[in-house]
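Right, one structure below, let's go through it.
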Amino acid sequence: MLREGLEALLIVSALIAYLKRTGNHRYQKWIWLGAAAGVVVSVVAALVINAIFTSAMAGTNREIIEGVTGIIAVLMMIGVGIWLHQKSCLHAWTRYISAQMSTALSIGSVLGMAAISFLSIFREGAETIIFYIGMAPSISAGQLLAGIGLAALILLVFTVLLIRFSMKIPVAPFFKAATLLIYVLAFKILGVSLHALQLTNVISVSQIANLPIIDLIGFFPTW
């Protein structure tokens, strides 16, 4: 949440900075309206996916559903992550958004600017949802909400600092560390999901001798 949220915040800041440089301050509200719509649609999408997930587990084996869903989420997250952050890095994405903004300004389309801001935010929201699909079954609702709340609080502070004081954030080290942490968590989700399928005999279990179980990273010594 914090990583994707900060990336979305930097994109919105770039859009607002672009409007200021081009003397179009009056259009800022459309950027914020588009961003707010992106957040709302991301939340709605998350609730719909959660409802579908809960319905699918009704009357079935919970461990099997959670195991399969966790593996799919990890594969999607890794695939999306590699594509977005290697082929479409933050700077490239910001340049693309600026180009779209220039087009929108040239035709005087305020709705176009709102749509650009919306897509920028929803792009990050979609990544977050994909990761939460795999994470949610492994933790309590309280832990999930606490993590989201803490990230939202930190992002609020960053928003005030960026917008009011034009603070420069060392983006590259933060994103590298956060991305590494996300892949470590993906490894854990994958391990826990495979273990759940082993416990339900969906896939076979062959123990590996002399290796410890490490719950913290989702490591279970089996083939």
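The values are calculated or read from the model by the stated rules, or taken from the named source; none is laboratory data. Computed from a predicted model, the values in this text were never measured in an experiment. Cβ sites come from the backbone with ideal geometry, for glycine too, and all protein chains shown count toward neighbours. Side chains are part of the model used for accessible areas, which takes the heavy atoms of the whole protein and leaves out ligands, DNA and RNA. Shrake-Rupley method; radii C 1.70, N 1.55, O 1.52, S 1.80 Å.
Before moving on, here are some points about what is shown:
- Residues that are surrounded by 14 or more Cβ atoms within 10 Å (Cβ to Cβ), β-branched (V, I, T) and out of contact with any Asp or Glu (no Cβ under 9 Å at 6 or more places or on another chain) within the range 175-202 comprise I182, I189, listed in sequence order.
- Any hit, the range 72-86, residues being under 29 Å from L197 (Cβ atoms), modelled with pLDDT of 75 or more and open to solvent by 40 Å² or more (accessible area, probe 1.4 Å): yes
- Filter result for the condition that a residue is at pLDDT 75 or above, surrounded by fewer than 16 Cβ atoms within 10 Å (Cβ to Cβ) and closer than 20 Å to S193 by Cα, over I52, I64: I52
- Contacts under 8 angstrom Cβ, first residue in the range 26-41 being touching a residue at least 12 places away in the same chain (Cβ under 8 Å), partner of a type outside the set (A, V, I, L, M) and surrounded by fewer than 14 Cβ atoms within 10 Å (Cβ to Cβ), 6 or more apart: none
- Qualifying residue in the range 121-142 (condition: hydroxyl-bearing (S, T, Y), open to solvent by less than 50 Å² (accessible area, probe 1.4 Å) and more than 16 Å from G70 (Cα to Cα)): no
- Residues of the range 17-34 classified as in contact with a helix residue (DSSP H, G or I) (Cβ under 7 Å, 6 or more places away or on another chain), part of a helix (DSSP H, G or I) and open to solvent by 10 Å² or more (accessible area, probe 1.4 Å), total: 6
- Qualifying residue in the range 18-29 (condition: at pLDDT 70 or above and within 22 Å of G147 (Cβ to Cβ)): no
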